[in-house]
Amino acid sequence: MALTKKQAVALLIADDPRLIAGLLRQADAARKKFMGDAVHVRGVIEFSSYCRRNCLYCGLRCANRHLRRYRMSSGEIYAAARHAVALGIKTVVLQSGEDSRYGGKEFCLLLERIKKLGLAITLSMGELAYRRYNELKSAGADRYLLRFETSDPALYAHLRPGCRLKERLRCLGWLDKLGYQVGSGAMVGLPGQTAGSIADDVFLFKELNLDMVGIGPFIPHPHTPLAKAAGGSLELALKTVALTRIATKNTHIPATTAVGTIDSQGRQKALRCGANILMPNLTPAKYQKLYEIYPDKICIAADAVDATRRILASLGRSIADGYGHSLKRK
Ligand code: SAM
Ligand code: SF4
């Protein structure tokens, strides 16, 4: 029987440990049934910390003058992609702030070169024109991650000055139309967010028939207007991951870095209640600290694959073979 909004809200606010354990167990069983035990590994390369946006929650916001910014050259990004290949990783996720220096001809040539390494390419560089998404797809990008952050339009407009949820969703529609495997997601624990709106997020994930969904707790950054906000809890993030697994069935769901940042066992716990993806950070060490979305961001860095294997071995799981493309038939 399909989950109702009333049930989802009740589970999100529940504090009965048996009820919560039951939800997480049900999600783990759904993950096993639809995705199996193998975990896909995606190597993240954070190639630019410049951003034209001013999201209230994010350390990369353009008004944050405390941040030392960096841009990686095409050569550096290519070297990081080769490192991924050497580690046996099959997907790279190229992520950045909204930086107009990237996305043009040189970037397309870079994608073509990376593609020749035999890698699947996921992009996560924000809102672009339809034409740009099209060019990047033609150059070899397979997937695109663009979280809608919250399905509450008023909260969205407040948290992302100058932006509208409608426009974000239009971008997701374009990406789908262009043949990308589309990922979205949300933060939980945002100031002003309700359990009802998180339940709406889950139903929107399902309605959009997403290939990937990333869920992380909001973590306050000291140099943002939300510095004093409470931040999202691990429990709320895990419940949302679990509900998302149950609702979306065979969507790829990562155990996010944010979950691992607020709790040292956070990713392990997420992998046991619905998640089936790990995303080690392959950004060169000298830049990693500078990509400060939120403070104390953890990374599985230099020994990426070994650390990933250790996490999975402790859970009786293993690294998946293959690219881990979408399981949704569209
Ligand atoms: N600029 C692109 C965008 O916004 O889609 C991609 C990079 S952005 C840093 C990636 C994600 O980081 C966002 O979608 C948001 O959910 C997450 N994020 C930003 N600030 C955060 C915070 N303070 N706590 C947790 N996650 C955060
Ligand atoms: Fe820029 Fe993305 Fe951070 Fe918003 S969330 S400020 S778009 S990097």
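Taking the conditions (1) in contact with a helix residue (DSSP H, G or I) (Cβ under 8 Å, 6 or more places away or on another chain); (2) not in a loop (DSSP other than H, G, I, E, B) in turn, Leu128 satisfies each one other than (2). The residue of region 155-192 that is farthest from ligand 1 (Cβ to nearest atom), among those that are among the hydroxyl-bearing types (Ser, Thr, Tyr) and not in a loop (DSSP other than H, G, I, E, B), is Tyr156.
Asn276 - would you say it is touching a Lys or Arg at 6+ places or on another chain (Cβ under 9 Å), modelled with pLDDT under 95, surrounded by 19 or more Cβ atoms within 10 Å (Cβ to Cβ) and under 30 Å from Met35 (Cα atoms)? No: the conditions fail for Asn276.
Each row is one residue, and each column tells you yes or no for (1) open to solvent by 10 Å² or more (accessible area, probe 1.4 Å); (2) on the phi > 0 side of the Ramachandran plot; (3) assigned to a loop (DSSP other than H, G, I, E, B).
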position: Glu76; (1), (2), (3): yes, no, no
position: His83; (1), (2), (3): yes, no, no
position: Gly88; (1), (2), (3): yes, yes, yes
position: Asp99; (1), (2), (3): yes, no, yes
position: Tyr102; (1), (2), (3): yes, no, yes
position: Glu106; (1), (2), (3): yes, no, no
position: Gly118; (1), (2), (3): yes, yes, yes
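What about Arg69, is it outside any helix (DSSP H, G or I), surrounded by fewer than 17 Cβ atoms within 10 Å (Cβ to Cβ), more than 21 Å from the chain's Cα centre (by Cα) and not small (Gly, Ala, Ser)? Criteria met by Arg69. Answer yes or no: is there a residue in region 6-21 that is part of a strand (DSSP E or B) and either in contact with a strand residue (DSSP E or B) (Cβ under 7 Å, 6 or more places away or on another chain) or more than 30 Å from Ile114 (Cα to Cα) (or both). Among the residues of region 6-21, not one is part of a strand (DSSP E or B) and either in contact with a strand residue (DSSP E or B) (Cβ under 7 Å, 6 or more places away or on another chain) or more than 30 Å from Ile114 (Cα to Cα) (or both), which makes the answer no. Contact annotation: residue pairs with Cβ atoms under 7 Å, 6 or more positions apart or on different chains, pairing a residue in region 55-77 that is closer than 16 Å to Val44 by Cβ with a partner that is away from ligand 1 (no atom under 15 Å from the Cβ), are Glu76/Pro284; Ile77/Leu110.
Filtered by the rule that a residue be over 21 Å from the mean Cα position of the chain (by Cα) and either among the small types (Gly, Ala, Ser) or closer than 27 Å to Cys62 by Cα (or both), region 101-128 gives Arg101, Gly104, Lys105, Glu106, Phe107, Cys108, Leu110, Gly118. Residues that are open to solvent by 20 Å² or more (accessible area, probe 1.4 Å) and in a helix (DSSP H, G or I) within region 29-47 comprise Ala29, Lys32, Lys33, Phe34, Met35, listed in sequence order.
Is it the case, given these coordinates, that Leu146 is of a type outside the set (S, T, N, Q) and under 23 Å from Ser326 (Cα atoms)? Write out each step before concluding.
Numbers: of a type outside the set (S, T, N, Q): yes; under 23 Å from Ser326 (Cα atoms): yes.
It is true that Leu146 is of a type outside the set (S, T, N, Q) and under 23 Å from Ser326 (Cα atoms).
For region 232-253, the set of residues classified as crowded, with 19+ Cβ neighbours inside 10 Å, touching a Phe, Trp or Tyr at 6+ places or on another chain (Cβ under 8 Å) and not in a helix (DSSP H, G or I) consists of Gly232, Thr251, listed by residue number. Among the residues of region 122-164, those identified as open to solvent by 20 Å² or more (accessible area, probe 1.4 Å), over 22 Å from Met72 (Cα atoms), away from ligand 2 (no atom under 14 Å from the Cβ) and not acidic (Asp, Glu) are Ala129, Tyr130, Arg131, Asn134, Ser138, Ser151, Pro153, Ala154.
Could you tell me how many of the residues in region 124-147 are more than 16 Å from ligand 1 (Cβ to nearest atom) and either modelled with pLDDT under 95 or not hydrophobic (A, V, I, L, M, F, W, C) (or both)? I'd like the intermediate steps shown before the answer.
From region 124-147, those more than 16 Å from ligand 1 (Cβ to nearest atom) are 130-131, 134-135, 137-140, 142; that's our starting set.
From what's left, either modelled with pLDDT under 95 or not hydrophobic (A, V, I, L, M, F, W, C) (or both): 130-131, 134-135, 137-138, 140, 142.
So the count comes out to 8.
Hey, does region 193-209 have a residue that's touching a strand residue (DSSP E or B) at 6+ places or on another chain (Cβ under 6 Å), of a type outside the set (A, V, I, L, M, F, W, C) and part of a strand (DSSP E or B)? Checking region 193-209: not a single residue is touching a strand residue (DSSP E or B) at 6+ places or on another chain (Cβ under 6 Å), of a type outside the set (A, V, I, L, M, F, W, C) and part of a strand (DSSP E or B).
The values are calculated or read from the model by the stated rules, or taken from the named source; none is laboratory data. Remember, it's a predicted structure, so these values are computed and weren't measured experimentally. Because the Cβ atoms are built from the backbone with ideal geometry, glycine has one as well, and the counts that use them run over all protein chains shown. The accessibility values were calculated without ligands, DNA or RNA, using every heavy atom of the protein model including side chains. Shrake-Rupley method; radii C 1.70, N 1.55, O 1.52, S 1.80 Å.
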